[in-house]
Amino acid sequence: MSKIYVVGIGPGAYEQMTIKAARALEECQTIVGYTVYVDLVKEHFPGKEFLTTPMRREVERCRMAFAEAAKGKTVAMVCSGDAGVYGMSGLMLTVGKDYPQISVEMIPGVTAAIGGAAVLGAPLIHDFALISLSDLLTPWEKIEKRLACAAQADFVICLYNPSSKKRKDYLQRACDILLQYQPGELVCGTVGQIGREGEAMQLYTLSELREASVDMFTTVFIGNSQTKIIDGRMVTPRGYRLSEEETL
C-alpha cells in the first residue's frame, strides 16, 4: 500500500525536528508542502523530489500529495510546528477519503506554543488556551468570544497569527478584549522567529503588549493571574509547595 507521512517539522531548525520526523523524510521519495516550509528542510534532504504550492492552496496541495502517492511513491506532506495544530492533518484525512488505497500516518512536531514557551521560560505549566487571531477560516466574532471566555476563565493564552499586513490591529483588538477581564499589569511575552535565525523574546505587561509590534512569525503568550517574572523568565506556577528554605 502506498503511504503518505504528514510531518510536523517543528519551528524550522533541523535540530528541533523529532528523530521520527527526520526518519520519515529520509524514507520518502517526494516532499510536498507550502513553499516556505519546504525551503526549511530542502538543504537537509538532498536528492528528494520537492513539490510546493503557495499559501491558500491547501486543498490543491493535499491532492498533489495523494496523486504522487498513487504513483507508488512514499510521500511526505510537511507542515511547520505540528501538523495537527493549525496544520494539514485534518484536511489530509478528509481528502484521503477519496484515496482508500493510500495509508496516512501523522508524525508529530514541536508546535510554536511549546517552542516559544521554552524560550520564554515556563509560561504554560498550568492550563492554557491556544487561539489563532487569523479570521481567514474563523469569523472574528467567534475569535472574540473565545478570547473573552479564556480571559474570564483565567487561562494562560497563547496566540498564533497575531498580525499581518491586512490585520495590523488584531493584537490590539485582542488585548482590548482581554483587558476587560484581566489587569493591565498581567505578565505577557512574545517570541519571534522561534527556532530560526533572529529568534528573540520580549516580556511585556498586558497594557504594553497592546502597543507591541508583532508579525506572523511572532507567537504571543498572555499569562494568568499567577504568572510572574522570575530572573527574567516568564513562569506560571502550577502549585508546587516549596519550603521556606527553598524559596530563599
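Taking +1 at the Cβ of each Lys and Arg and -1 at the Cβ of each Asp and Glu, which of A151, V104, V187 sits farthest along the dipole of the stretch 91-190 towards its positive end, judged by Cα position relative to the Cα centre?
Value computed over the given set: V104.
When ligands, DNA and RNA are left out and all protein chains stay put, how many square angstrom of accessible area per residue does the stretch 178-241 have with a 1.4 Å probe?
Ligands and nucleic acids excluded, the result is 56 Å² per residue.
Pairs of Cα atoms under 8 Å, at least six residues apart: use those to get the relative contact order of the chain, whole percent.
20 percent
To the nearest 10 degrees, how steeply does helix 140-152 sit against the main Cα axis of the chain, on a 0 to 90 scale?
For 140-152 against the chain, the angle is about 50 degrees.
For the charge dipole of the stretch 16-143, defined by +1 on Lys and Arg C-beta atoms and -1 on Asp and Glu C-beta atoms about the Cα centroid, which residue among G90, A76, A118 has the Cα displaced farthest towards the positive pole?
Result: A76.
Once the whole set of protein chains is in place, how much accessible area is left on L186, using a 1.4 Å probe, in Å² to the nearest 10?
The accessible area comes out at roughly 10 Å².
Measuring from centroid to centroid over Cα atoms, what is the spacing of the stretch 103-150 and the stretch 24-54 in Å?
Each part's Cα centre sits 25 Å from the other's.
How much of the accessible area of the chain, probe 1.4 Å, is carbon plus sulfur, in whole percent?
51 percent
Normalized C-alpha radius of gyration of the stretch 101-218, against 2.2 N^0.38 Å?
Against the compact-globule rule of thumb, the ratio is 1.11.
In the stretch 138-230, if the dipole is taken from +1 on Lys/Arg beta carbons and -1 on Asp/Glu beta carbons about the Cα centre, which of L171, N224, P139 is farthest to the positive end?
It is P139, whose Cα lies furthest towards the positive end.
Rounded to the nearest whole Å², what accessible area per residue is found for the stretch 1-57 with the 1.4 Å probe?
52 Å²
Under 9 Å from the Cβ of N224, count the other residues' Cβ atoms, weight Lys and Arg +1, Asp and Glu -1, and hand me the total.
The answer is -2.
Please calculate the 1.4 Å probe accessible area of V110, with all protein chains present, and give it to the nearest 10 Å².
40 Å²
Can you give the three extents of the C-alpha atoms in the stretch 8-69 along their principal axes, from longest to shortest, in whole Å?
Between the extreme Cα coordinates on each principal axis of the stretch 8-69 lie 30, 21, 18 Å.
Give me the orientation-averaged projected area of the Cα convex hull of the chain, in nm², one decimal.
14.9 nm²
The values are calculated or read from the model by the stated rules, or taken from the named source; none is laboratory data. Quick caveat: nothing in here was measured; it's all calculated off a predicted structure. Cβ: placed from backbone, ideal geometry, glycine included. Neighbour counts: every protein chain shown. These area figures cover heavy atoms from the full protein model, side chains too; ligands, DNA and RNA do not enter into them. Shrake-Rupley method; radii C 1.70, N 1.55, O 1.52, S 1.80 Å.
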